[in-house]
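Asks: Structure below; questions to follow.
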Amino acid sequence: MSLSLPHGFLTSTIGKKYLMGLAGAVWAGFVLSHMAGNLLMFISADAYNSYGHALTSGNIIYAIELILVGTLISHVFLAISLTRQNRAARTSGYAVSPRGEKVARFGSKTMGVQGSIVLVFIISHLITFKYGTYYETTVNGVVMRDLYRLMVEVFQQPGYVFWYLVCLVLLGVHLSHGVGSVFQSFGLMNGRYQPIFRKLSLAYAVIVALGFIAQPIYIYFVASLG
């Protein structure tokens, strides 16, 4: 077998979409698990801080961060590359604007804008919580970072809460289309199963977005009153 075949596949449009789908699947899994972990704040501050401590106290966090950064960079690079290829492939515009099923959905048409805003959000979110003010607390005799206190302070700021909510809505839209694209990249969006996977993509996006949105809403309107 020729060694050029894998390279040819990886540099083809289909290969890039497949790799982009893999990168998207990694982040989709991370976002869902991260949202679920953050919901521990509704149990107690200690539960939330213990969760954060468990994630960051070992060396495995560095491997996880490396994978996430690598897949994120790959996802962005492939998205830009595919967009350029698609634009270059268009030899002429439509004489008549396409209608009906041919009209791209809002999520599809604005994926680039959504992705850019979400990327800025991820970076700012990282700076705010990973490198934010360091508080300490003790849970069951273990000294750890008090991330709950930092979160309450951050989500008491109306400007940040508004920015967070806008970005989470965009993230939901981006995930709804993006997860559907992952299914499509793996050849699962064909035939009678297409409506099912579209509904799964939408349900996933709604659950993730609402899970994250519940946190600042609760803290700003409830927890901050205590």
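Coordinate-derived values only; no laboratory data. Here the structure is a predicted model, which means the values were calculated and not measured. We place every Cβ from the backbone using ideal geometry, glycine too, and count neighbours over all the protein chains shown.
Asks: Output ³J(HN,Hα) for region 201-209: one whole-Hz value per residue in order, computed from phi by the Karplus curve 6.51 cos²θ - 1.76 cosθ + 1.60 with θ = phi - 60°, and x for Gly and Pro.
Replies: Each residue of region 201-209 in turn: 4, 5, 4, 4, 4, 5, 4, 5, 4 Hz.
Asks: Still on this model: Could you run the Karplus curve 6.51 cos²θ - 1.76 cosθ + 1.60 with θ = phi - 60° over region 112-119 and give me ³J(HN,Hα) per residue in whole Hz, x for Gly and Pro?
Replies: x, 5, 4, x, 5, 5, 4, 5
Asks: Name the long-range amide H neighbours of LEU188: under 5 Å, sequence gap of 5 or more, or other chain; modelled H, no Pro or chain starts.
Replies: HN-HN under 5 Å from LEU188: empty list.
Asks: Mind checking the full-extension length gain between ILE43 and THR83? Use 0.36 nm per residue of separation minus the Cα-Cα distance, one decimal, nm.
Replies: Roughly 10.0 nm would be gained on extension.
Asks: If you don't mind, there's one more thing I want to ask. Estimate the FRET efficiency between THR133 and ASN190 by the formula 1/(1 + (r/R0)^6), using the beta-carbon distance for r and 45 Å for R0, to the nearest 0.05.
Replies: 0.35
Asks: Oh, and also: Please list, ordered by chain and number, the residues whose modelled amide H lies under 5 Å from the amide H of ASP146; skip anything fewer than 5 residues away on the same chain.
Replies: Close amide H contacts, sequence-distant or interchain: TYR135, GLU136, THR137.
Asks: Label points 7 Å out from Cα along the Cβ direction at THR13 and GLU65: separation in nm?
Replies: The modelled label-to-label distance comes out at 3.9 nm.
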